[in-house]
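Report on the following structure.
The values are calculated or read from the model by the stated rules, or taken from the named source; none is laboratory data. Since the structure is predicted, the reported quantities are computational estimates derived from the model, not experimental observations. Cβ atoms come from the backbone with ideal geometry, glycine included; neighbour counts cover every protein chain shown. Side chains included, ligands, DNA and RNA excluded: accessible areas come from the protein's heavy atoms. Shrake-Rupley method; radii C 1.70, N 1.55, O 1.52, S 1.80 Å.
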Amino acid sequence: MQQLVEISDLITAVDPHTGHRLPVQRAEVLRQLRESGDKRAARIVAGLPMDQDGVLDPYTVDRLLISVHTELQRLSEELRIGERMLHVLGPLFAAIRATAGQAGPYRLVDVGCGLGYLVRWLATTNALGPDVELVGVDLDATLVGEADRLAHAEGLDCRFVHGNAFDLPEAATVYVSTGVLHHFRGPALAEFFQAQAASPAHAFCHFDIAATRLAPVGAWVFHRARMRNPLGRHDGVVSALRAHSDETLLRAAAVPGIHALLYEPRGAVNPFCTTLRPIIGVRPQFEAPLRRALGRDARRIVGPEHLAEAAR
Ligand SMILES: C[S@@+](CC[C@H](N)C(=O)[O-])C[C@H]1O[C@@H](n2cnc3c(N)ncnc32)[C@H](O)[C@@H]1O
């Protein structure tokens, strides 16, 4: 079967231990894309400049990724990612404040923050309150640098750190992410959740594309209409095709010490309206307070034991 890959995952590489950037051979990226049967992606990468040793020009790659992430920020604004995250995070922090037995400050860490749109939106709106410190982490040092530059330009109270989701550089009260989960395949998905469960964090809340049958078509229309960059358009559609199913997410997130809950599972909502929805993980003592803080919206969350019921 065809293993679709996102171009952005292939054109940069980082040593997982040191975090240092590694050279990427264009021919190697082309080989992988052709092997996956993705001729369009291979054509896009074949147009990228390389040096005399066949290494992709890092400056061009960085400019390209910043430009694609800038377009991605426009999508996030349109999809009201900040408001949607807040819809869950507001009640989650209320539950933590009421239950944790420990006063703030608390810390929210956005893993795979890219240009830091979510963290900067939360800082601009001060929506979570002054007792929540806002931090973004990303594997890509250039994106982290750009996120930091934007936050300074906007005079925001938040910070950005270069680091790996599997070796978390920042402790958090709550870990969040947007559009990141589908990048982790096979055992890496559960390892992503395990890294957070092994930390002192009280909860996580990760938004990603809902794997509905309409998601790839929706992603095509949306990225065609809103993105100019061929790489962004390509990766946008591939990410919808790679979206994890509700079952895969619930299984992977059910790591020791965490109760996994899915917000708006596939069977329970109109597929025309669902774009991104979160998988939430809470320490058991926070589940009942979270449900109380969510009020009527608590009906929208299901655990693994009720997933089949919700789909009926
Ligand atoms: C599709 S982008 C989403 C960016 C941002 N969250 C947004 O919604 O605009 C995925 C991001 O995850 C980052 N990423 C991928 N693997 C990572 C890892 N192991 N640790 C930290 N960040 C990672 C990438 O560098 C990229 O910025």
Counting DSSP beta bridges with both ends in region 132-269, the antiparallel % (nearest 5): 10 percent
The chain: most fluctuating residue of Ser76, Ser245, Ser36 per GNM, C-alpha cutoff 10 Å: Ser36
Local net charge near Leu10, Cβ-Cβ under 11 Å (Lys/Arg +1, Asp/Glu -1): -3
Isotropic mean projected area of the C-alpha convex hull, the chain (nm²): 15.9 nm²
Sites Ala46 and Glu191 - FRET efficiency at Förster radius 51 Å, r taken between beta-carbons, to 0.05: 0.95
Among 60-71, 146-157, the order from most to least packed when residues are scored by Cβ within 10 Å on average: 60-71, 146-157
Magnitude of the charge dipole, the chain, Cβ model with Lys/Arg +1 and Asp/Glu -1, debye to 20: 1080 debye
Residue list for region 1-40, given a label point 7 angstrom along the Cα-to-Cβ vector of Val55 and an amide N cut-off under 14 Å: 12-15, 20-27
Antiparallel %, DSSP beta bridges [both residues in the chain], to 5: 50 percent
Carbon/sulfur fraction of accessible area - the chain, other protein chains in place, 1.4 Å, %: 55 percent
Contact order normalised by residue count of the chain, Cα under 8 Å, 6+ apart, percent: 16 percent
Taking region 7-63 and dividing mean pair separation by its residue count, relative contact order in percent (alpha carbons under 8 Å, at least six apart): 31 percent
Residue with peak Gaussian network fluctuation, the chain [Cα springs, cutoff 10 Å], from Met85, Met50, Met227: Met50
Cα centroid of region 205-252 to Cα centroid of region 49-78, whole Å: 19 Å
Within-11-Å neighbourhood charge of Gln25 [Cβ basis; K, R +1; D, E -1]: -1
